[in-house]
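The values are calculated or read from the model by the stated rules, or taken from the named source; none is laboratory data. A quick note: this is a predicted structure, and the numbers were derived from the prediction, not measured. Note that each Cβ is placed from the backbone with ideal geometry, even for glycine, and that neighbours are counted across all protein chains shown.
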Amino acid sequence: MNIIFQLQLFALVIFLCIVVMNIAKKNTILIFAYLIQSLMLVAIMGIKSYHEMSFEIGIVTIILLIIKVIIAPQLLLRIIKQHKANISATTYLNVPMTLGCLVILSIFAQSDVFSPFTALTPLLRVLLIGGMLMSIFFTINRKGAISQIIGILSLENCIFTFGYFLGLQQSAALEIGMLFDVFFWIIISSIFVRTIIKHFGSIDVTQLRELKK
Amino acid sequence: MQNLFFTSLLVLTGGSIISLIVQRDTKLSYVSSVFSMFGSLLALIFSIGALITQSTLTTTLPTSFPMFNISLHIDPLAAFFILIVSLIALPASLYGIGYMKQYAKEYNLGVFGFFYNIFLISLLLVITAHNALYFLFVWEIMSLSSLFLVIFENKKLQIIKSGFIYFIMTHAATAFILLSFLLLFQFTGSFDFETIKQHFASIPFVIQTIIFLCMIIGFGTKAGIVPFHIWLPWAHSAAPSHVSSLMSGVMIKIGIFMLFKMFLDILPQTPLWLGYVVLIIGAVSSILGVLYALSEHDIKRLPAYHSIENIGIILLGLGSGLIFIALKQPSLAMLAITAGLFHTLNHAVFKSLLFLGAGSVISQTHTRNIEEYGGLIKLMPYTAIFFLVGAVAISGLPPFNGFVSEWLTFQSLFSGIATSSILIKSIFIFGAACLTFTGGLAAACFVKAFGITFLARSRSIESEKATEVSPLLLISMGTLAVLCLTLGVFSFFVITNIQLIVKNLSLFSSKTSSLSSTGISLQVNQNVAHLNMPVIFLVMAVFIALSFGLVYIVSRKQKVVLRTVWDCGFNALSPKMEITATGFSRTLILIFRGIFQPSKQHEIEYVDADIRYFSKSKTVTLGIVNIYEAYLYYPLHNGLSIISKQIRKIQSGNVNQYLLYIFILLLGLLIFARY
Amino acid sequence: MSIFIIILKLILLPTLSPLCVGIVRKVKAYMQNRRGAGIFQPYYDLWKLFHKDEVIARDASWIFYLTPFLLFGLSILLPLGIPLLGSIESLSFFGDFIITIYLLATMTFFIALSGLDVGSAFGGFGSSREMTIAALTEGTLLFSFLPIALVTHTTNVILMATTASGLPFFNYLPFVIAFMGFFIALMAETGRIPFDNPSTHLELTMIHEAMILEYSGKRLALIEWANANKFIFFIILGVNLFFPWGLSTTANLSSLLFPFILVIVKATTLIVGVAILESSMAKLRLFRLPDLLLTGFIFCVISLITVTI
Amino acid sequence: MSLYSKILSVPLTLVPRKIINQQNDVTIVQKGIEKKIKKLFGGSLAIREVDTGSTNACEQELMALTNTYYDIERFGIHFVASPRHADMLMVTGPVSRNMAEALKKTYEATPDPKIVVAVGDDAIDGGIFKGSYAVLDGVHNVIPVNFQIPGDPPSAMTILSSLLYILNIIDDKSDQKKQ
């Protein structure tokens, strides 16, 4: 019984990380929030593997830990250090407006559009579905390339937990595949950010408009 | 029998692959044409065999895709059209061997050979396709391969432009065809023509009308009916001549074939209004086609416009046939449809002959403008004779095949005029009137085309140096010319066979046609009208010989002296003083001012600007407004560009904005899915 | 028996055709209050032309040499399809009015080509105008036969005429309207005054003459004779088809004498009518002709609609 | 209808036949052609009138031939537009220098057998323009002439009677008999 409670706790932490991301200005905070989110994920997977004593899920959690908690943040941090692109996490909407949007999204997650997900308690629905919508909103809202990458990564985490809570556990191999997928994605996006910086001098995505001229 | 058809396909594919392999050295470029000749010969033998045995072959090869199974269905109607395809492909490929030499240096003949063979294969497959998706697939190959053939001389910008127009128009047509097939699929649940055939009656009336209209627009654009004919003169004049003869003689007929197949075989019991629409489209495109041919002075665009006219005549036959079906008079319907089919065959033969003739003239004079020709009959005697045969056949003059099919179309229209209700009678009168004026104007147009090109003296240095083309080209033109005559004179034999084809269609299985042929003469509905072509040909020959004999007896002592043309005592009458094609057709253009809206601008350049007496040069430009482009295509084009400018605004180039669109769409879908 | 009559017809019509032209010229002369040439003058002209040498342009091709023979051959062939005396002349293989019209179109086609052949400006313009008028006349001509064809349920001209002769009087009215259309087509095809002045010397106004300016000697004679044949073909057709009384429907010889006299009377009245109309009208401007031809066509369409099948 | 009634009422005025016979005043230049004329041109003759710089006086007279009074069409004679159709070339005027070549071309363009008649004194020997630098003094210097009709201009009557004489319709000996 308390496992369900702990899992909900971890889901709540993931949700809070997303909220922090939406508010935070500096990139390093974003990365740190992503780090915590991944840790929560590892925790959930660790309990599951411990609870069901299945060895594959153990491997999955370890790989999860390596990729999401250690490699991804390091990569992003190195980019920030190298190019001193720290303060560029500017947003379109100011903080009160973003919070307003977050509220709307959580109400929307709460609405009966998602009522068929009977497995989720209303709270969990807000946390997970709301979390997903908020991370998408986060990527839309941010101008900096790195923050957009983190938004996508947090979206991936939310989907993972959402899938987990709905009991859509696939075979371990598939999950490992997904993880590798995320891993390669992070490497590619980091290279991509480097080229943006090299070409445009800053990671502000609005410069991409010159491409159109 | 059936493997003959597959061997011909195999030979053609072999030809295309080999022509790719051997594309580097130009000496072997004729290999692909030899293959295509051999392939079309096999197809010809197969089609004749299939016609004689009246057998229908159906084979289906299921493929891994769900709806898409390659099903071939060769009923006598398809066999007849395979006959047309191979009958024209044979001389065209033979012509190609000799004709392509002039392109050897600039362009890559191997690629041309490849697309040529692919084009032939797709033609044969389109006719035999019996599954809508498979049909669309092969139809697309046909359009693309013919596109590459059209833009073969890709060094000239004009040709690329015409290829571009051709590309857009054919794909607009394919869109309409696709729409009609999708609607059919939606209501009959399958893409196979057989099942469509059974379930068609269940489709509600409104949907049926939409399907019919889409089919008319789709296949009509491919056939080149009037409002959608814009691409035809561009594409057929851009392609090398033997390709444009294939396209004009055969590819247009695919549109016609599908109209015949759809309205008569697959979707039976068509409503009455469809007959009206087809007849009126036929009449309008025949009269406007010939009128625009009159104003055309490009030797390859002129026959292209005439293709539109002849398509109109074919549609006249089909339209009157559909009306008779709707009026429950199957015997007259069979007469009308036989007329349409026979004119399809005739038009394929004499149109490709004209294009081959035009091609050989262009290969000698290196220009396509009629005004610069003249006097070629003395330099290229055989080409002149073959072109004359084609010209006489297309204007529908007696001993040749054009006359017989126009005679049949007339008979079907007259029997239509004899019907009771005034509306139907007036439509048939309109159709018959258009046909008569088209016949007359076609004769005027081809007097201009033949007279200005071949007669009198040459109007430019280029055409003075013209010499007779290589015998290869002459043989292919010769076979087509002889075919024109034999089809005309022995038309009773051909028509009885076409009659069998029409009787084989599901609509007329038990009915007797009003057109019967006893011995060598054709009767129409209980000897109302007779036509006995062999005897007419003989009587004409005898009487002309008689006049030779008579004159020889009376005045054999008289001498014939050759002197210069009577020029009212002038010094030599220069070739520039001969009548030009513009001058020839100017009277008719001024008569039909309403349609052409001719414009005339004078520019006079004076030696000294303020003394306006001595002009250095005078130029008169005669322009004609192409009403389709002016009133149909430009407004459409401008409207589209305005709308697209509005839509462009949402492309702001900002990544976040795009993400926002995705997000909004996601939310919308979620809501939509829920309710 | 009917073969004998047909051969008689084939010999008779070409011989009489110059006579008709002579009569027309004689009547026109009297209308201009001068005696004019005798009605047998065309025979002398033809005889003289046949015995003269020929001068032909150097750039003329074989079309120029052969067209006169083709023209004359076809013009003799035309009367095969029309009734002179009665139904015994009807031939199964030849008689459809579409064939006769398209034979006329072939003659115009080739004479226009020969006009273009020598490369003189007059010939070119002559053939351009000839083809313009021929293109517009063909419709009127074809449609003028239609009402009778529909009433008598046959398109064989001879059968049409003989069956039409038996019809009750009141449904001749549509035929009269059709005859007006036919008469306009007749004037156009044979190049009579409102369309083209046959005896003009001004090359610019000629249509038919301009094409044969280059011909001389026996070829000119053949073309003149072919035109005369065409003229008599139209006269006999007009007379026997639209006023078909007196055509013998039986096949015995004795009943042919009366129709023969009647045909001569009817033909002369129509010829004199043509001549009188010719001398009482001025030549229309070229761009007025399409309106005239269109009115002819409308006449035929009206008669087509009014006729009761 | 008044037009037609007037046409029928006005009597035909024609020059009486016997006056024509006396007026003939033609001089024969070249023999050789009578045989052909008798055989061919008895019934019909096509004339092509060539004006080589004449004072238009002869043209007026030639035009008068076609009116209702003289009416040469009765004898089967008519004027034609093109030399190809012509049998006789009636040449008027003293053949100015730049018309010489045109006259030669017209002569060549006329099919044989053809007759050339020089009408008027100018055509015969240059007439009033004789000896001038711009004139070749008469048609005979340019093309072979068969007949000459003197007179400046010869009256329509003389031309008509000369024409008939040329065509052997009337000849001197038969006149005497008739009178």
With respect to residue B:491, determine if the residue is more than 7 Å from chain C (Cβ to nearest Cβ), touching a helix residue (DSSP H, G or I) at 6+ places or on another chain (Cβ under 6 Å), farther than 26 Å from residue B:329 by Cβ and not hydrophobic (A, V, I, L, M, F, W, C). no
For residues that are of a type in the set (S, T, N, Q) and within 21 Å of residue B:65 (Cα to Cα), scanning just segment B:183-208, find the one that is modelled with the highest pLDDT. B:186
Please verify whether residue C:30 is at the interface with chain D (Cβ under 8 Å from one of its Cβ atoms) and either in a helix (DSSP H, G or I) or under 18 Å from the mean Cα position of the chain (by Cα) (or both), treating the condition exactly as stated. yes
Mind listing just one residue for me: the one in segment B:473-496 that is under 23 Å from the mean Cα position of the chain (by Cα) and either of a type in the set (S, T, N, Q) or more than 22 Å from residue B:91 (Cβ to Cβ) (or both) and, of those, surrounded by the fewest Cβ atoms within 10 Å (Cβ to Cβ)? B:486
So residue B:645 ticks every box in (1) at pLDDT 85 or above; (2) within 30 Å of residue C:287 (Cα to Cα); (3) among the basic types (Lys, Arg) but one. Which box is left unticked? (2)
So, first residue in contact (Cβ under 8 Å) with a residue 24 or more places away in the chain and within 15 Å of residue B:368 (Cα to Cα) in segment B:459-470, second residue of a type in the set (Asp, Glu) and assigned to a helix (DSSP H, G or I), Cβ within less than 7 Å, six or more apart or across chains; the pairs are B:459/B:371; B:459/B:372; B:460/B:372; B:462/B:372; B:463/B:372
Which one of these is over 23 Å from the mean Cα position of the chain (by Cα), at pLDDT 90 or above and crowded, with 21+ Cβ neighbours inside 10 Å: B:146, B:180? B:180
Given the conditions (1) outside any helix (DSSP H, G or I); (2) at pLDDT 85 or above; (3) facing another protein chain (nearest Cβ under 8 Å), report the number of the one that residue C:200 does not fulfil. (2)
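Residues are listed down the side, and each one gets a yes or a no for (1) more than 9 Å from chain B (Cβ to nearest Cβ); (2) under 23 Å from residue B:392 (Cα atoms); (3) in a loop (DSSP other than H, G, I, E, B); (4) of a type in the set (Asp, Glu):
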| residue | (1), (2), (3), (4) |
| --- | --- |
| C:93 | no, yes, yes, no |
| C:100 | yes, yes, no, no |
| C:103 | no, yes, no, no |
| C:129 | no, yes, no, no |
| C:138 | no, yes, no, yes |
| C:163 | yes, no, no, no |
| C:181 | yes, no, no, no |
| C:187 | yes, no, no, no |
Any idea which of C:143, C:72, C:110 is buried (at least 24 other Cβ atoms within 10 Å of the Cβ), of a type in the set (A, V, I, L, M, F, W, C) and under 19 Å from residue C:231 (Cβ atoms)? C:72
Which residue pairs have Cβ atoms closer than 7 Å, lie 6 or more positions apart in sequence or on different chains, and pair a first residue in segment B:636-657 that is within 24 Å of residue B:169 (Cα to Cα) with a second residue that is in a helix (DSSP H, G or I)? none
Examine segment D:6-20 for a residue that is of a type in the set (S, T, N, Q), part of a helix (DSSP H, G or I) and under 24 Å from residue D:145 (Cα atoms), and state whether such a residue exists. no
Pick from C:283, C:266, C:218: which is away from chain D (no Cβ under 14 Å) and in contact with an Asp or Glu (Cβ under 9 Å, 6 or more places away or on another chain)? C:283
Residue list for segment D:103-142, restricted to those being in contact with a Lys or Arg (Cβ under 8 Å, 6 or more places away or on another chain), β-branched (Val, Ile, Thr) and outside any strand (DSSP E or B): D:106, D:110, D:142
Go through segment C:39-89 and give me each residue that's without any contact (Cβ under 8 Å) to a residue 24 or more places away in the chain, in contact with a helix residue (DSSP H, G or I) (Cβ under 7 Å, 6 or more places away or on another chain) and farther than 30 Å from residue B:375 by Cα. C:39, C:40, C:41, C:48, C:51
One residue is enough: does segment D:169-179 have a residue meeting the conditions over 11 Å from the mean Cα position of the chain (by Cα), more than 26 Å from residue D:105 (Cα to Cα) and modelled with pLDDT of 85 or more? no
Which of the residues that make up segment D:50-109 are acidic (Asp, Glu), in contact (Cβ under 8 Å) with a residue 12 or more places away in the chain and over 16 Å from residue D:144 (Cβ atoms)? D:51, D:59, D:61, D:71
Polar (S, T, N, Q) and either away from chain D (no Cβ under 14 Å) or over 30 Å from residue B:376 (Cα atoms) (or both), is that true of residue C:114? no
Could you check segment B:4-39 and list, in sequence order, the residues that are in contact with a strand residue (DSSP E or B) (Cβ under 8 Å, 6 or more places away or on another chain) and closer than 22 Å to residue B:104 by Cα? none
Filtered residue count, segment B:544-573, keeping only those that are at pLDDT 80 or above and more than 7 Å from chain C (Cβ to nearest Cβ): 5
Name the single residue that is farthest from residue B:287 (Cα to Cα) among those in segment B:410-436 being facing chain C (nearest Cβ under 8 Å) and β-branched (Val, Ile, Thr). B:422
Quick one: how many residues across segment D:116-173 are crowded, with 24+ Cβ neighbours inside 10 Å, on the phi > 0 side of the Ramachandran plot and of a type in the set (S, T, N, Q)? 0
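Residue-wise test of (1) within 16 Å of residue A:77 (Cα to Cα); (2) surrounded by fewer than 18 Cβ atoms within 10 Å (Cβ to Cβ).
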| position | (1), (2) |
| --- | --- |
| A:138 | no, no |
| A:141 | no, no |
| A:144 | yes, no |
| A:150 | yes, no |
| A:160 | no, no |
| A:178 | no, yes |
| A:183 | yes, yes |
| A:186 | yes, no |
| A:189 | yes, no |
Can you tell me how many residues in segment A:126-158 are within 13 Å of chain B (Cβ to nearest Cβ) and either in a helix (DSSP H, G or I) or more than 24 Å from residue A:100 (Cα to Cα) (or both)? 19
Residue that is surrounded by the most Cβ atoms within 10 Å (Cβ to Cβ) [pool: residues in segment C:41-62 that are more than 8 Å from chain D (Cβ to nearest Cβ) and assigned to a loop (DSSP other than H, G, I, E, B)]: C:59
What residue, of D:106, D:92, is in contact with a helix residue (DSSP H, G or I) (Cβ under 7 Å, 6 or more places away or on another chain) and closer than 22 Å to residue D:36 by Cα? D:106
From the options A:191, A:159, residue that is under 25 Å from residue A:125 (Cβ atoms), aliphatic (A, V, I, L, M) and at pLDDT 80 or above: A:159
Looking at residue B:571 and the list (1) part of a loop (DSSP other than H, G, I, E, B); (2) farther than 28 Å from residue C:117 by Cβ, which single condition is not satisfied? (2)
